[in-house]
Each structure stands twice: as C-alpha cells, then as structure tokens.
Amino acid sequence: MRPRGEAAGGRPPAEWARERPRIPVTLGLDPGSVRIGLAATDPTATIAGPVATLSRRDGTALWARVREEARSRGAERLVVGLPRRLDGSEGEAAAAARALADEASRECGLPVEMWDERLTTVAAERALIAGGMRRQRRRETVDAVAAALMLQSWLDARTRLDTARR
C-alpha cells in the first residue's frame with residue numbers, strides 16, 4: 001500500500017503541480033450571430049466550464065461583462081472560437097469570428113487566440129438533450145456549453161504542446 005497522498009507513480013500531488021506547465025486563466029468566446037457563449041478555465045487552467053450566454057445586441061453590456069469576468073477571474077487571455085467548415089475552409093461565420101476577436105482585443109486589452117470550434121454547438125446540444133434539459137433552457141445554455149467545449153479543446157492541446165516541449 002502506498003503512503004497517503006501519493007499517486008500510483010509514487011509521486012505526491014505537489015510534484016505534479018510543479019511539473020505541469022503554467023497556463024494562465026483564460027476566457028473562451030463562442031461567437032454566434034445572435035448570442036455569444038462565454039466560458040472560463042478554473043484557476044489551475046485544468047478544466048473549462050460554461051459561464052454565461054451573452055446577447056450581441058448591446059455591445060457595451062457584452063464587453064463590460066467580458067471585462068468583468070476577466071478581471072474577477074484574473075484572466076490573462078481570450079480564446080475565440082473559429083467556425084471553420086468541415087473541409088477546413090473559412091466562410092462568412094469565420095470572418096465574423098475574426099472581427100469579433102479583433103473587437104475583443106480592443107475592448108478587453110488581452111491577447112486573443114483563435115481556435116477551431118467545429119461542431120462544438122452540435123456536441124453541446126446533444127449533451128444537453130442527453131441530460132434531459134428542456135428546449136427553452138437548452139437555448140439559453142447551449143452557447144456557453146459550446147464555449148466550454150471549445151476552450152477545453154484549446155486547453156488540452158495547449159497542455160499537450162507544453163508537455164511535449166519539456
């Protein structure tokens with residue numbers, strides 16, 4: 001039997017934290033034509049979770065909320081979903097997402113990265129249906145869940161890349 005607090009590999013959890021690359025707290029934006037999903041990583045940048053679904057109608061309120069979330073969470077970066085087509089090409093939605101990323105950079109003063117968000121809304125919708133969520137509640141939630149899926153994908157890739165560099 002291993003001592004309490006040690007993993008199967010024989011190292012205590014404190015060592016894992018030292019070995020893990022530092023990824024700053026990050027917010028994710030999943031752009032849509034009507035709503036924008038907002039997600040955030042946890043303070044250890046291990047897990048992404050949904051925060052809110054925001055309306056695009058009032059740009060002032062939208063950016064005030066994103067800035068407040070960034071400030072309160074100590075976020076150092078934004079990741080904006082890039083809706084590529086299934087063949088990898090970009091269309092009008094991708095151009096709109098790039099414009100949103102430029103606006104986010106200006107409004108929030110944080111570095112912005114783009115990340116492929118193909119099929120995240122479909123995956124989010126399926127997960128919410130499987131969870132038994134009613135249609136109206138899904139509509140209010142799906143964009144934030146899609147943003148969390150996109151941000152988690154970015155986070156997982158970033159962690160793998162940083163680990164591979166070591």
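Assorted remarks:
- Selection status of Arg67, touching a Cys at 6+ places or on another chain (Cβ under 8 Å) and either modelled with pLDDT of 95 or more or outside any strand (DSSP E or B) (or both): yes
- Between Thr53, Thr44, the distinction of being among the hydroxyl-bearing types (Ser, Thr, Tyr) and either out of contact with any strand residue (DSSP E or B) (no Cβ under 7 Å at 6 or more places or on another chain) or assigned to a helix (DSSP H, G or I) (or both) belongs to Thr44 only.
- Set side by side, the residues Glu103, Glu125 differ, and just one is out of contact with any helix residue (DSSP H, G or I) (no Cβ under 7 Å at 6 or more places or on another chain) and acidic (Asp, Glu), which is Glu103.
- Tally, over segment 45-77, of residues that are under 16 Å from Asp143 (Cα atoms) and not β-branched (Val, Ile, Thr): 10
- Filtering segment 106-157 to residues that are of a type in the set (Ser, Thr, Tyr) and at pLDDT 80 or above leaves Thr141, Ser153.
- Any hit, segment 111-132, residues being more than 16 Å from Arg77 (Cα to Cα), of a type in the set (D, E, K, R), in contact (Cβ under 8 Å) with a residue 12 or more places away in the chain and assigned to a helix (DSSP H, G or I): yes
The values are calculated or read from the model by the stated rules, or taken from the named source; none is laboratory data. All values derive from a computational prediction rather than experimental measurement. Methodologically, a virtual Cβ is constructed for each residue, glycine included, from the backbone with ideal geometry; neighbour enumeration extends over all protein chains shown.
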